[in-house]
Amino acid sequence: MENIKEIDNENKAMIKIAESNPMEVNQINKSLLADPAPLGLAAFGFTTFLLSFVNAGILSGTAVSVVMPLAFSYGGFAQLLTGAFEMRRGNTFGFTAFTSYGSFWFFYGLLVFFSYLKIITISVHALGIALILWGLFTLYMWANAMRLNLALNMTFLFLWLAFMALGFGAYYSNTTLTRIGGIFGFITAFFAVYTSFAIISNSIKEKTLPLGSPWFKK
């Protein structure tokens, strides 16, 4: 009975806070939610890391058959889920980034899947333009990431370079550019996974893993 009374008192306290300061309730609710960013960063990082083996020419194109399931299940779905929780937390940047890049992995997976079934024929020029457009999107996300921590800043910087190299590599059927894009992909994946690891570690114990200072203040 005492526990029930304590819960009832807590509910009454929350009602009083809501009546006096609704914004404070939002902050309390937000603090009760786990930070979804490490999940999205890990999903993005590990999927990018695997695909970069193909783009860099380390693995043959047949390895895409392994990349695809990961692209749908982890790179795609997990990032869309992360984006939904970022929206719930009121994080516009996180919502836009994770939802967009989660959608990218679905785009990539469907492209390869439909091509394998011979439903479509992939135009290298159209693919190149699509990747360059993703590069432009990443460019303005990077411009905003400069006001966040350095690790995220580097993630978006090298992702932008990767998209541009892969885009022009596809458009001009230039293997060298594609492999350079794969190398940038490895670097991107490293920063994404490190950021994920650092956020998780710093949430469990004292902040010991640095994320770096932003280039510009908010």
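So, SER103, is that one among the polar types (S, T, N, Q) and either within 21 Å of LEU159 (Cβ to Cβ) or surrounded by 19 or more Cβ atoms within 10 Å (Cβ to Cβ) (or both) or not? Yes.
Which residues, taken from region 52-66, are of a type outside the set (Val, Ile, Thr) and either part of a loop (DSSP other than H, G, I, E, B) or closer than 22 Å to GLY128 by Cβ (or both)?
Taking region 52-66 as the starting set, the residues that turn out to be of a type outside the set (Val, Ile, Thr) are 52-53, 55-57, 59-61, 63, 65.
Once the filter is applied, which keeps residues that are of a type outside the set (Val, Ile, Thr) and either part of a loop (DSSP other than H, G, I, E, B) or closer than 22 Å to GLY128 by Cβ (or both), region 52-66 yields SER52, PHE53, ASN55, ALA56, GLY57, LEU59, SER60, GLY61, ALA63.
Looking across LEU136, LEU148, LEU117, LEU131, one residue alone is at pLDDT below 95 and within 17 Å of the chain's Cα centre (by Cα). It is LEU148. None of PHE190, PHE107 is in contact with a Gly (Cβ under 8 Å, 6 or more places away or on another chain), within 23 Å of PRO36 (Cα to Cα) and assigned to a helix (DSSP H, G or I) except PHE190. Inspect region 57-71 for any residue being loosely packed, with under 15 Cβ neighbours inside 10 Å and farther than 22 Å from ARG179 by Cβ and give the result as yes or no. Within region 57-71, one or more residues are loosely packed, with under 15 Cβ neighbours inside 10 Å and farther than 22 Å from ARG179 by Cβ. Among residues that are farther than 15 Å from ALA162 by Cβ and part of a helix (DSSP H, G or I), LEU81 is included. Looking across region 99-125, the residues that are closer than 24 Å to GLY83 by Cα and of a type in the set (S, T, N, Q) come down to THR99, SER100, SER103. Please go through region 191-210 and give me each residue that is surrounded by fewer than 17 Cβ atoms within 10 Å (Cβ to Cβ) and of a type in the set (A, V, I, L, M, F, W, C), ordered by number. Hits for region 191-210 are PHE197, ILE200, ILE204, LEU209.
The values are calculated or read from the model by the stated rules, or taken from the named source; none is laboratory data. What you are looking at is a predicted structure, and each value in this text was computed from that prediction instead of being measured. Don't worry about glycine lacking a Cβ; one is built from the backbone with ideal geometry, like all the others, and counts go over all protein chains shown.
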